[in-house]
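Written out below as structure tokens is the structure these notes cover.
The values are calculated or read from the model by the stated rules, or taken from the named source; none is laboratory data. Quantities reported herein were computed from a predicted structural model and do not represent experimental measurements. With ideal geometry, Cβ positions are generated from the backbone for all residues, glycine too; neighbour counts draw on all protein chains shown.
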């Protein structure tokens with residue numbers, strides 16, 4: 001099973017990924033960007049050094065995704081793979097950076113990077129402005145988070161629109177719920 005957790009920063013994805021991994025002993029945890037050696041370098045470039053061109057940023061994310069598929073997803077198809085982010089985020093951020101990009105174009109680029117292999121389930125943790133603001137103060141912002149609250153909320157809106165457009169199984173969870181409530185809801189889905 002290939003499971004992707006999606007949501008904007010501070011929504012609680014990483015916490016839920018860790019909890020689910022602990023409850024599913026034979027699972028593999030990975031993340032995008034940064035789930036491979038190449039991905040770690042690309043993640044550093046994108047999130048901390050920054051790139052000037054949004055096209056460059058898009059292609060770096062796609063390079064990471066293609067490498068991640070070949071090195072992590074493809075060889076472990078028979079296992080439970082839990083990914084902290086995936087292609088939904090990639091498309092959503094690209095649309096937020098360039099609203100003139102065609103959604104179908106971005107979907108096709110990502111399908112190409114993934115050899116058409118879609119996840120079995122996407123779980124989106126949906127947040128709001130108050131929750132982002134309260135949690136953002138507790139951590140150091142990366143290059144993407146510095147773009148602001150309205151930017152992050154537009155990315156979240158894009159994620160929801162993308163999930164509705166694709167023919168894949170997904171579930172949206174209110175990130176304002178307690179950690180335990182969210183974890184139990186996720187376990188109930190599986």
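Worth pointing out:
- Out of 61, 5, one residue alone is crowded, with 22+ Cβ neighbours inside 10 Å, in contact with a helix residue (DSSP H, G or I) (Cβ under 7 Å, 6 or more places away or on another chain), under 20 Å from residue 166 (Cβ atoms) and modelled with pLDDT of 95 or more. It is 5.
- Test: residue in segment 127-144 that is at pLDDT 95 or above, closer than 24 Å to residue 11 by Cβ and either touching a helix residue (DSSP H, G or I) at 6+ places or on another chain (Cβ under 6 Å) or not in a loop (DSSP other than H, G, I, E, B) (or both): no
- Check on residue 30, in contact (Cβ under 8 Å) with a residue 60 or more places away in the chain, buried (at least 21 other Cβ atoms within 10 Å of the Cβ) and either within 15 Å of the chain's Cα centre (by Cα) or not in a helix (DSSP H, G or I) (or both): no
- Yes/no for residue 184 being surrounded by fewer than 18 Cβ atoms within 10 Å (Cβ to Cβ), on the phi < 0 side of the Ramachandran plot, over 17 Å from the mean Cα position of the chain (by Cα) and at pLDDT below 95: no
- Residue 83 being within 21 Å of residue 40 (Cα to Cα), at pLDDT below 95, in contact with a strand residue (DSSP E or B) (Cβ under 9 Å, 6 or more places away or on another chain) and buried (at least 19 other Cβ atoms within 10 Å of the Cβ): no
- Criterion (at pLDDT 90 or above, assigned to a strand (DSSP E or B) and surrounded by 14 or more Cβ atoms within 10 Å (Cβ to Cβ)) met by exactly one of 163, 124, 153: 124
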